Amino acid sequence: MGPVLNRLIELQKVENCLRDARAQLARCRRSVIVEENLIRSLQNAIEAKKEEIQLTKVQCNRLELDLKTKDDETTKLRAALNASKTNKEYAALLTQLNTTRADNSKVETQVLDLMKDIEADEAECNGLREKIDKQKQKLEDTRTKAEQEAKNHEAAIEKIQKEWNELAKTIPSKAINIFKRVAETYDGQAVVIVEEQEGKTTAYSCGGCFMNIAAELVNVLMTRDDIIRCPNCTRIIVLGNVQE
């Protein structure tokens with residue numbers, strides 16, 4: 001192997017550092033997004049609970065109106081009962097009155113249950129509002145911390161990018177273009193080591209896809225400074241004994 005492949009190996013190391021720094025910057029920014037999404041989720045939960053409360057109130061109002069109607073009916077039945085002239089008429093009115101009272105009792109129970117539901121839902125809304133207030137404070141703390149960390153990561157990225165650019169100037173443009181294309185395909189991992197298969201002195205495999213590499217290609221790497229790519233995954237292959 002010659003200077004071009006050796007510099008590509010160095011470039012791969014810098015590329016790894018560059019992508020790692022970019023990943024740290026992305027994670028830093030993502031932490032803020034996570035907190036914002038949590039607040040949004042809590043706000044949506046409050047809105048959903050408000051709608052539920054409103055529907056329950058509508059149902060409660062409807063039952064209360066029905067209860068008022070039945071109360072009026074009960075009043076009329078009492079008056080009719082007092083004015084009844086025969087035992088038969090009295091018994092019929094009494095039965096109807098008792099039935100109406102029983103119905104009223106059921107409705108009253110339903111109204112009370114609905115009012116308890118409304119009270120519980122409103123308490124839950126209050127709890128969600130408290131969570132949102134705490135989460136907003138946490139968001140501000142996270143944002144402040146993330147902004148500082150982002151500046152540090154951006155400074156590191158700028159420094160590493162300069163190193164990458166300076167090193168790239170010492171490598172032929174054709175080799176750089178190949179490196180870039182392969183790096184984009186394999187998340188930055190353009191250069192991989194040819195590994196000797198365990199227990200076999202003339203059997204080799206690609207350090208990226210682990211498929212076999214012909215011994216002839218390894219011989220070329222030993223004697224020339226040409227870019228050799230894995231026939232299977234197309235990564236640039238190099239010999240391991242030149243790496244740290």
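The values are calculated or read from the model by the stated rules, or taken from the named source; none is laboratory data. Being a predicted model, the structure only gives us computed values, none of them experimental. Every residue, glycine among them, receives a Cβ derived from its backbone with ideal geometry; neighbour counts consider all protein chains shown.
Here are the numbers for this structure:
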read-out	value
Unmet requirement for Met1, which otherwise passes all of (1) part of a helix (DSSP H, G or I); (2) farther than 30 Å from Lys136 by Cα; (3) not charged (D, E, K, R)	(1)
Which listed residue is among the acidic types (Asp, Glu), modelled with pLDDT under 95 and in the same structural domain as Ile9 (by TED's automatic domain parsing), from Glu158, Glu108, Glu166	Glu108
Selection status of Glu195, in contact with a Ser or Thr (Cβ under 6 Å, 6 or more places away or on another chain), at pLDDT below 95 and outside any loop (DSSP other than H, G, I, E, B)	yes
Top-ranked residue of region 43-87 - restricted to ones that are outside any helix (DSSP H, G or I) and small (Gly, Ala, Ser), ranked as surrounded by the fewest Cβ atoms within 10 Å (Cβ to Cβ)	Ala83
Any pair with Cβ under 9 angstrom, 6 or more apart, that starts in region 51-65 at a residue that is under 16 Å from Val107 (Cβ atoms) and ends at one that is buried (at least 16 other Cβ atoms within 10 Å of the Cβ) and among the basic types (Lys, Arg)	none
Output for region 18-31, where each listed residue is in contact (Cβ under 8 Å) with a residue 60 or more places away in the chain and surrounded by fewer than 17 Cβ atoms within 10 Å (Cβ to Cβ)	Arg19, Gln24, Arg29, Ser31
Filtered residues of region 224-244 (kept if among the β-branched types (Val, Ile, Thr) and at pLDDT 90 or above)	Ile227, Ile228, Thr234, Ile236, Ile237, Val238
Any chance Thr170 is in contact with a helix residue (DSSP H, G or I) (Cβ under 6 Å, 6 or more places away or on another chain), more than 30 Å from Glu47 (Cβ to Cβ) and among the polar types (S, T, N, Q)	yes
Qualifying position, being under 30 Å from Ser31 (Cβ atoms), in contact (Cβ under 8 Å) with a residue 60 or more places away in the chain and not basic (Lys, Arg), among Ala156, Ala168	Ala156
Residue match in region 79-88 (condition: in the same structural domain as Asp117 (by TED's automatic domain parsing), aliphatic (A, V, I, L, M) and within 30 Å of Glu122 (Cα to Cα))	no
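Residue by residue, here is whether (1) surrounded by 12 or more Cβ atoms within 10 Å (Cβ to Cβ); (2) under 30 Å from the mean Cα position of the chain (by Cα) holds:
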| residue | (1), (2) |
| --- | --- |
| Leu139 | yes, yes |
| Glu149 | yes, yes |
| Asn152 | yes, yes |
| Lys162 | no, no |
| Asn165 | no, no |
| Asn177 | no, no |
| Glu184 | no, yes |
| Leu239 | yes, no |
